[in-house]
Amino acid sequence: IIYMEPKGLGLDVLMQSWLERMPPVTPEIVKCKLTYYFDLYMQPCITYLRTYLKELVPTVDNNLAESLMRILDCYLEPYYPMEGRAPPSDVMVADLITCIEPLFIFALIWSVGATTNEDGRHKFDAFLRQELFANKFQNPFPKTGMV
C-alpha cells in the first residue's frame, strides 16, 4: 500500500474518477465541457480563496472539489438509470448539454465561494465576475447583488 497526501494527487484525479461515474447517458461533450470548466475555474478560484480570503472553517482543496462534484451530482440524479423510471429523454440530454456551464458555476459558488466570511464573499464575487467576463461566460449575472 502506498500512501500519498491528497494534495500530492491533485484535483485532476478526483475529477477523472468522478467523470467515469457519471450517468451512462451523459454525452461526451458534457464531460469535455466539465473538464474544461474545472481547469478554467476551479484552481484559480481555490488559489484566490487561499491567497486573499479568510475561511470560516478551514478546508482542503480536494474537499472543495468533492463538494462541487456532489452539488452537480444532485442535478445529475435524474439521468441515472433506476428501476421503474423511464430513461432520460433526448430533450433532457440536450438540456444537460446547454445547461452544464451555468450549473458548474452555481456549484463553484456554493462549494468554493461559500466557505469564506462576508467580506470574502464580496471579494470572491468581484473575482468570479472578472473571471467569467474574461472567459466570455454566456449567462452573465445581474449587475446588482452578489454571485
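Looking only at residues in region 108-140 that are more than 23 Å from R70 (Cα to Cα) and in a loop (DSSP other than H, G, I, E, B), the one that is modelled with the lowest pLDDT is P140.
Report yes if L76 is open to solvent by less than 40 Å² (accessible area, probe 1.4 Å), farther than 18 Å from M15 by Cα, assigned to a helix (DSSP H, G or I) and touching a residue at least 40 places away in the same chain (Cβ under 8 Å), otherwise no. Judged against the criteria, L76 is not a match. Here M82 meets the list (1) assigned to a helix (DSSP H, G or I); (2) modelled with pLDDT under 95; (3) open to solvent by 90 Å² or more (accessible area, probe 1.4 Å) almost entirely, failing just condition (1). If the condition is being open to solvent by 30 Å² or more (accessible area, probe 1.4 Å), farther than 26 Å from V60 by Cβ, in contact with a helix residue (DSSP H, G or I) (Cβ under 9 Å, 6 or more places away or on another chain) and without any contact (Cβ under 8 Å) to a residue 60 or more places away in the chain, then region 90-147 contributes M92, C99, Q138, N139, P140, F141, G145. Against the criterion of being in a loop (DSSP other than H, G, I, E, B) and over 30 Å from D119 (Cβ atoms), P58 does not qualify.
Would you mind stating whether T59 is β-branched (V, I, T), surrounded by fewer than 16 Cβ atoms within 10 Å (Cβ to Cβ), within 18 Å of A107 (Cα to Cα) and out of contact with any strand residue (DSSP E or B) (no Cβ under 7 Å at 6 or more places or on another chain)? Taking the combined requirement at face value, the residue does not satisfy it.
Return the residue satisfying two criteria in turn: it lies in region 17-55 and is open to solvent by 70 Å² or more (accessible area, probe 1.4 Å) and in contact (Cβ under 8 Å) with a residue 12 or more places away in the chain, and of such residues it is farthest from A114 (Cα to Cα). Checked region 17-55; the qualifying residue farthest from A114 (Cα to Cα) is P24. Looking at (1) surrounded by 12 or more Cβ atoms within 10 Å (Cβ to Cβ); (2) among the basic types (K, R); (3) at pLDDT below 95, find the lone condition where K7 falls short. Of everything listed in (1) surrounded by 12 or more Cβ atoms within 10 Å (Cβ to Cβ); (2) among the basic types (K, R); (3) at pLDDT below 95, K7 misses just condition (1).
The values are calculated or read from the model by the stated rules, or taken from the named source; none is laboratory data. Keep in mind the model is a prediction, meaning the values are calculated, not measured. Cβ: placed from backbone, ideal geometry, glycine included. Neighbour counts: every protein chain shown. With ligands, DNA and RNA removed, areas are computed over all heavy atoms of the protein, side chains included. Shrake-Rupley method; radii C 1.70, N 1.55, O 1.52, S 1.80 Å.
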